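Q: Structure provided below as structure tokens; questions to follow.
Values in this text are rule-based calculations from the coordinates and carry no lab data. Since we're looking at a predicted model, the values are computed, not measured. Cβ coordinates were reconstructed from backbone atoms using ideal geometry, including for glycine residues, and neighbour counts include every protein chain displayed.
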Amino acid sequence: MFRKAHTLMALLLAFALVLTGCSGKEAGSEESGSKKTIKFMHLWPAGSSKQQNLIVQDIIKQFEAENPDVKVEVEVLENEQYKNKIKVLSSSNELPDVGFTWAAGYLQPFVKGGLFTSLDDVLEGGLKDSFVPGTTEAYAIDGKTYGLPLELNIAPIYYNKEIFKKYNLEVPKTYEEFETIVKTLKDNGVAPIALGNKDRWTGSLWYMYLADRIGGPDVLTQAINREGSFEDPSLAEAATEVQNLVKADAFNKGFNGLSNDEGKSEFMNGNAAMYLMGSWELPNLTTNEEVPQEFRDNAGFFKFPTVEGGKGDIDSWVGGPGVGMFVSENSKVKEESKQFVKFFVEKWGEQAVTKAGVIPATKVDTEKVELPQLYIDVLNELNKSTNLTLFADVQMSASVAETHLNLIQSLFGNEVKPKDFTKQHEEALAKEE
Amino acid sequence: MKTEAKQRIPSVSVDNRLEVFSHPAMQKASKGILYVILAIVAVFQIFPIVWLFLFSLKNNQEVFNMSPFSIPTDPKWENYAKVWTEGNISQYFLNSVVYTVAAVILTVILASMVTFAITRMKWKLSNLALGLFMVGLMIPVHSTLIPLFSTFTAINLVDNPLSVILSYTAFNLPITIMILLGFYQALPREVEEAAVMDGASLNRIFFRITLPMTSPVIATAAIINMIYNWNEFVFVNTFISSDQYKTLTVGIQNFIGQYTTDWGAIGATLMISILPILLAFLILSNRIVEGIASGSVKG
Amino acid sequence: MEKVLSDKRIITLYVLPGLLLIIGLIYVPIIQTAYYGLMKWDGIGAKEFIGLENYKTLIKDDIFWKTAYHSFLLAVFSALSLIIYLLISIVLAGKIKGADFFRKIYLIPMLLASVAIAQLWLKIYHPTNGILNTLLGSFGVDNPPSWLADPKIVLYAIFIPILWQYAGFYILIYYAALKNIPESLIEAARIDGATAWQIALKIKIPLIMNVIKVTIVLAVVGSLKYFDLIYVMTDGGPNGASEVMASYMYHKAFRGFDFGYGSAIGFFLLVICLVVTWLIRKLTAAKEEITY
């Protein structure tokens, strides 16, 4: 008898639990009373991106105070999960009213599928001028802008001043000098460059810079947008140079199996002397208390050196806007959402760099804000830049980007010849035309 | 009979050990070797927990720079504080427990019923039914996400805990049935058949005889289900959007950033989330052995 | 008795709830997956019907067949490793002292989430300061391999944590099955003078044969659709050297925005699993006759 009672209890419990599940539903997304609800998804969890998360909360609070009839409901997911969920939501036409997107190639299918709404009207009336030129353009398709960027990054080569001093090395101006540095460090048993190429876009940065310095700022971009061809000799030459670096043991051991986090740690713990990465790393080199003060004091950066005989100049950068905000075309609260995005971008620009160390895509007056010197230097370089080439995998459509990234890994692993590397790119790009 | 069986065990246990080598000295030596091997494997199996604990006390610098088993000079207990104060961890915890328990109970009962009907009852389509359930093993989770989401949207279950519980149940049913199946087939039918002769109803037989008799395998299946559900995050992330319905696994996500990840805090989250399941495992795991005692009635 | 045991009402009552759940949440998605597989679809915009085009591409897709080969290798290793798990379980289920303690310890890694297991093994395999290479270094190995970066090694390197991750699962099942064998049977054999080895081979294993068959199917099917650790530890790289069918499907559908093709892979994977399961059942059915 006891056994039966036991089982029955279990069954009852199960049903009770299921029922509590059901009854919890009403608290969810329904519009409560006359209040309108904007659903907003972002990718700055409070744990890992505390400052960003706080700013978001703060902006929402202000927005709700100014618009008492609107409520903003937030969902936070980390990067990878965020992308997956957006994908699933899109397929059922259930996107949030406001969310984050990436530029160019990522954006394309969403716009083509009619899921994002044009934000041109938001940009009118002065907002457009507050953006750094070229940033909103990365979110434009057929002349209409579908996303407002929040971040702007460039990728310098960070270096460890102490190691450089120890081996009497100077910041290189030319690629030849750079190669000498690599050799000197290598001969002294120091890993010259930290790289985690499991993530693949990390290696792509090296390739992109070499392509820029050898072939000039347009050759890669034009190959991707089909004004040019990927079989341009300079693109193959850049690939050869990458393999020369690999052959010279320029990168830390096993880089193709290491994540960016692991690769970065080689630089952060002083095993490797240089690290090519976006300016989003600046907090780790300036304000992050977890990183030893001594290390932060010794961190500097330099611009990717010029290649002799190459067409690129030293003030041309790889970088560009990071995440941007979109408004869903099918949103029931489209107007409110647009207002929110406008409000958000403005408020974000005011505090992103000072509070979270994120360089916003809106203009920052370096005179007015108090920042660590390294930030000021990077911001000044940004103002001086002659060209910004958007990360290749962002420029490309999703499927070409996959091909590109895999080829990058093969290139660094010496598994593909430079000729085939460019040929396979060309084929993948041509297929999409 | 039951007590008799129990009493017998100690008396035979002496000649019950590995008898590959009959000579006593050899026997002793081989037993020694066996224990050494067992101990080595045990160390190997316990070290992940030790590692995880040490991991949870480090910051990123230490996670990557120090050898995995080094003890951090300045243990970062604040990782735990960070995890515990950040977000609604107690709510997530409760949700994890509710989803896991509900889905485990539902799965085990439904799977037992199906297995009972398939192995004990006589009907033409039983093999087909079994086949239908087995197909459920074979579909990769990621190709079901978009269809499942659209299904849940259609029946208005998105952002409802029920979507998660039902998904867990549906996706674990096949494997649970498979596990139960092997046992049901090996189980003697005499007791049940005798009960039928006595005129007991099938419901009665199922609940009062079969379920208790299979409690070791139920415990086994429950452990496996529990582990799967507890650590699952793809369904939760996809079907749930309200913070109030999310589970402990979002605690891990919380520390993954766009460009940097706080590994120490992730370690602390993993450590916190493994404790309840470890406890449940130890309790259920005893059930496997206890179950044998009651199961031996049939022997 | 026949009549009682073929009571349609009870059968329906017992099978239907489970069946409905499976149909609603597994079959409907399978059918939809099959349907999407006939479409050119990025998962966002409009679907375009292209018939069997995706499947034609799939048949000719060298990368897919490479990933299929990787998955099959994993399946073979998983099935073979069952022998080890069975041996361990037989030892643990015997009446050695401390068996209960060992059993519990042995199953602990099973409790860990994949994230934790992945992190642990990344630390083991780290090319410079990983546990494995540090150990090899202390034995005087000069240039130990970069386990996860070398395309020739990575696949096997990643199989080890996968097999290890599932050890507890199978040990647990075998253990429960072995404990379920009536003591009297073993007792009788022992009185007849059978050795422990003979008892294991002639009595224990045949008696749990049904469970063993089930585990073979689970191991093989589970391997064919395996995803987790591959995704976290290598992401299928370097350049596909450790890619398996499920991760390839994920990359195509979610990264490459080719949901039509991804669905075709998913559906094809299901068909492969069905065929393989059918084969296993055929093969093990023959085996049964030999053992008994």
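Q: Would you list the P(r) distribution for region A:54-97, with all Cα-Cα distances sorted into 10 Å bins from 0 and each bin expressed as a whole %?
A: Histogram of Cα-Cα distances, whole percents per bin: 25, 39, 30, 6.
Q: Follow-up. For region A:67-124, just say rounded, prolate or oblate: build the C-alpha gyration tensor, square-root its eigenvalues into a ≥ b ≥ c, call rounded for a/c under 1.5, and beyond that prolate if a/b exceeds b/c, oblate if not. Display every interim value, and only then the final one.
A: Details: a/c = 1.74, a/b = 1.11, b/c = 1.56.
Cα axes put region A:67-124 in the oblate bin.
Q: If you plug each phi of region C:153-158 into the Karplus form 6.51 cos²θ - 1.76 cosθ + 1.60 with θ = phi - 60°, what whole-Hz ³J(HN,Hα) values come out, in order, with x for Gly and Pro?
A: For region C:153-158, the Karplus-derived couplings read 9, 3, 4, 6, 4, 7 Hz, x marking Gly and Pro.
Q: Right, something else. Can you quote the Å³ per residue value for the convex hull of the Cα atoms in chain A, rounded to an integer?
A: Cα-based convex hull of chain A, divided per residue, equals 193 Å³.
Q: Between the alpha-carbon centers of region A:256-285 and region B:35-111, tell me the distance in whole angstrom.
A: About 27 Å separates the Cα centre of region A:256-285 from the one of region B:35-111.
Q: Compute the orientation-averaged projected area for region A:125-228 from the convex hull of its Cα atoms and round it to one decimal in nm². Walk me through the intermediate numbers first.
A: Details: hull surface 39.2 nm².
Taking a quarter of the hull surface, the average projection is 9.8 nm².
Q: Please quote Rg/Rh for the protein assembly as shown to two decimal places, taking the Kirkwood radius as Rh and restricting both calculations to Cα atoms.
A: Values: Rg = 30.4 Å, Rh = 30.8 Å.
Using only Cα positions, Rg/Rh for the protein assembly as shown is 0.99.
Q: Can you tally the net charge around residue C:243? Count Lys and Arg as +1, Asp and Glu as -1, for every other residue whose Cβ sits under 9 Å from the Cβ of residue C:243. Please list the in-between numbers first.
A: Details: positive: C:66; negative: C:235.
Surrounding charge for residue C:243 is 0.
Q: Given H placed on each backbone N at 1.01 Å, which residues far from residue A:37 in sequence or on other chains put an amide H within less than 5 Å of it?
A: A:71
Q: Okay, moving on. When you have a sec, figure out the Kirkwood radius of region B:147-240 from all distinct Cα pair distances and drop it here in Å to one decimal?
A: Values: mean 1/r = 0.0640 Å⁻¹.
With all distinct Cα pairs of region B:147-240 included, I get 15.6 Å.
Q: Give me D for region C:63-291 in µm² s⁻¹, whole number, from Stokes-Einstein with Rh from the Kirkwood sum over alpha-carbon pairs, 4 °C and 1.567 mPa s. All intermediate terms of the calculation are to be shown ahead of the outcome.
A: Working: Rh = 19.7 Å.
Calculated translational D: 66 µm²/s.
Q: Beyond 17 Å, what share of the Cα-Cα pairs of region C:1-125 is found? Please give it as a whole percent.
A: Details: 6260 of 7750 pairs.
Cα-Cα pairs in region C:1-125 separated by more than 17 Å: 81 percent.
Q: For region C:124-217, what number results from the quotient of the Cα radius of gyration and 2.2 N^0.38 Å? Walk me through the intermediate numbers first.
A: Values: Rg = 21.1 Å, N = 94, 2.2 N^0.38 = 12.4 Å.
Cα Rg divided by the expected 2.2 N^0.38 Å: 1.70.
Q: On the Cα set of region A:276-433, report Rg and Dmax in Å, please.
A: Final numbers for Rg and Dmax: 19.8, 57 Å.
Q: Let me ask something additional. Between rounded, prolate and oblate, where does region B:79-295 land on the alpha carbon gyration tensor, with a ≥ b ≥ c its root eigenvalues, rounded for a/c under 1.5, else prolate if a/b exceeds b/c?
A: Details: a/c = 2.80, a/b = 1.75, b/c = 1.60.
Judged from the Cα gyration tensor, region B:79-295 comes out prolate (a/c at least 1.5, a/b above b/c).
Q: For region B:59-144, take the convex hull of the Cα atoms, compute a quarter of its surface area, and give me that in nm², please. Walk me through the numbers before you get to the answer.
A: Details: hull surface 41.8 nm².
Hull-based average projected area comes out at 10.5 nm².
Q: Still on this structure, please answer the following. On a 31 Å Cα-Cα criterion, which of the cross-link pairs A:128/C:47; A:264/C:60; A:247/C:56; A:128/A:334; B:58/B:246; C:202/C:282 come out too long? All intermediate terms of the calculation are to be shown ahead of the outcome.
A: Values: A:128/C:47 35 Å; A:264/C:60 39 Å; A:247/C:56 40 Å; A:128/A:334 20 Å; B:58/B:246 27 Å; C:202/C:282 22 Å.
The pairs that break the limit, which is 31 Å between Cα atoms, are A:128/C:47; A:264/C:60; A:247/C:56.
Q: Give me the inter-chain shielding for B:109-116: mean count of other chain Cβ atoms within 10 Å, whole number please.
A: Details: counts 6, 10, 1, 3, 8, 8, 3, 4.
Going residue by residue through B:109-116 and averaging, the value is 5.
Q: Using the number of other C-beta atoms within 10 angstrom as an exposure proxy, rank C:281, B:120 with the fewest first.
A: Values: C:281 14, B:120 20.
Least crowded to most crowded, the residues run C:281, B:120.
Q: Grab the alpha carbons of region C:210-253, take their convex hull, and tell me the volume per residue in Å³. Show your work: numbers first, answer last.
A: On the way: hull volume 2.9 nm³, N = 44.
Dividing the Cα hull volume of region C:210-253 by its residues yields 66 Å³.
Q: While we're here: With +1 on the Cβ of every Lys and Arg and -1 on the Cβ of every Asp and Glu, and nothing else charged, how large is the dipole of the protein assembly as shown about its Cα centre, in debye rounded to the nearest 20? Don't skip to the answer; put the middle values down first.
A: Working: 87 positive and 99 negative charges, 1069 e Å.
Charge dipole, the protein assembly as shown, about its Cα centre: 5140 debye, nearest 20.
Q: Using Cβ counts within 10 Å as a stand-in for footprinting exposure, how do C:126, A:42 rank, fewest first? Please list the in-between numbers first.
A: On the way: C:126 25, A:42 22.
Listed from fewest to most nearby Cβ atoms, that is A:42, C:126.
Q: Listing A:230, B:206 from the residue with the fewest other Cβ atoms within 10 Å to the one with the most, what is the order? Before the final figure, lay out the partial values.
A: On the way: A:230 23, B:206 20.
Ranking A:230, B:206 by Cβ neighbours within 10 Å, fewest first, gives B:206, A:230.
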